[in-house]
Amino acid sequence: VQLQASGGGLVQPGGSLRLSCVASRIDFRDTTMAWHRQAPGKQREFVALITTGGTTTYADSVKGRFTISRDNAENTGYLQMNSLRPEDTAVYYCLTVRNGVSSWGQGTQVTVSS
């Protein structure tokens, strides 16, 4: 499995970013896809998840601001992030889970600062 995350960058508080995660060497439609993040000096934490059937789950800290989605035809998952806050600053990682096996991509840096 190869996962390529992109879309991070520097944004002002209140701004938006859209992260993408392209999967290869995997039957993407049969996997659950998720995003986690790790802020400096903190443990990696769950952000959002989307199942093969499209059911979504979010961390309380991002509910109502972030939206996870997937395009199985493009083998791509997305994380739309709105109303960004400084505390959202972190390296964001995508991962897939299939048959209990997790595969992680490299991270993409998101910095929220004025």
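The values are calculated or read from the model by the stated rules, or taken from the named source; none is laboratory data. These figures come from a predicted structure and were not determined experimentally. A quick note on method: Cβ atoms are made from the backbone with ideal geometry, for glycine too, and the neighbour counts reach across all protein chains shown. Areas reflect the complete protein model, heavy atoms only, side chains present, ligands, DNA and RNA absent. Shrake-Rupley method; radii C 1.70, N 1.55, O 1.52, S 1.80 Å.
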Selection from the range 81-96 of residues surrounded by 15 or more Cβ atoms within 10 Å (Cβ to Cβ) and either among the hydrophobic types (A, V, I, L, M, F, W, C) or part of a loop (DSSP other than H, G, I, E, B) (or both) yields Met81, Leu84, Thr89, Ala90, Val91, Cys94, Leu95
Single residue of Gly54, Gly64 found to be on the phi > 0 side of the Ramachandran plot, open to solvent by less than 70 Å² (accessible area, probe 1.4 Å) and outside any strand (DSSP E or B): Gly54
Can you name the number of the only condition in (1) in contact with a Gly (Cβ under 8 Å, 6 or more places away or on another chain); (2) over 19 Å from Val1 (Cβ atoms); (3) among the aliphatic types (A, V, I, L, M) that Ile50 fails? (2)
Here's a check for you: in the range 6-22, which residue that is touching a Gly at 6+ places or on another chain (Cβ under 9 Å) and touching a residue at least 60 places away in the same chain (Cβ under 8 Å) is surrounded by the fewest Cβ atoms within 10 Å (Cβ to Cβ)? Arg18
Please go through the range 23-45 and pick out each residue that is hydrophobic (A, V, I, L, M, F, W, C) and either open to solvent by 70 Å² or more (accessible area, probe 1.4 Å) or outside any strand (DSSP E or B) (or both). Ile26, Phe28, Ala39
Name the residues in the range 72-106 that are of a type in the set (A, V, I, L, M) and free of Cβ contacts under 8 Å to residues at least 24 places away in the same chain, would you? Ala73, Val101
Output the number of residues of the range 20-40 satisfying the condition of being more than 17 Å from Asn99 (Cβ to Cβ), at pLDDT 95 or above and not aromatic (Phe, Trp, Tyr). 7
Going through the range 67-79 one residue at a time, which ones are in contact with a strand residue (DSSP E or B) (Cβ under 8 Å, 6 or more places away or on another chain) and open to solvent by 60 Å² or more (accessible area, probe 1.4 Å)? Thr67, Glu74
Among what's in the range 97-110 and is part of a strand (DSSP E or B) and surrounded by fewer than 16 Cβ atoms within 10 Å (Cβ to Cβ), pick the residue that is modelled with the lowest pLDDT. Val101
Determine which single condition Ser114 fails, assuming it passes every other condition in (1) loosely packed, with under 13 Cβ neighbours inside 10 Å; (2) touching a residue at least 40 places away in the same chain (Cβ under 8 Å); (3) not in a loop (DSSP other than H, G, I, E, B). (3)
Answer yes or no as to whether Ser69 is in contact (Cβ under 8 Å) with a residue 24 or more places away in the chain and part of a strand (DSSP E or B). no
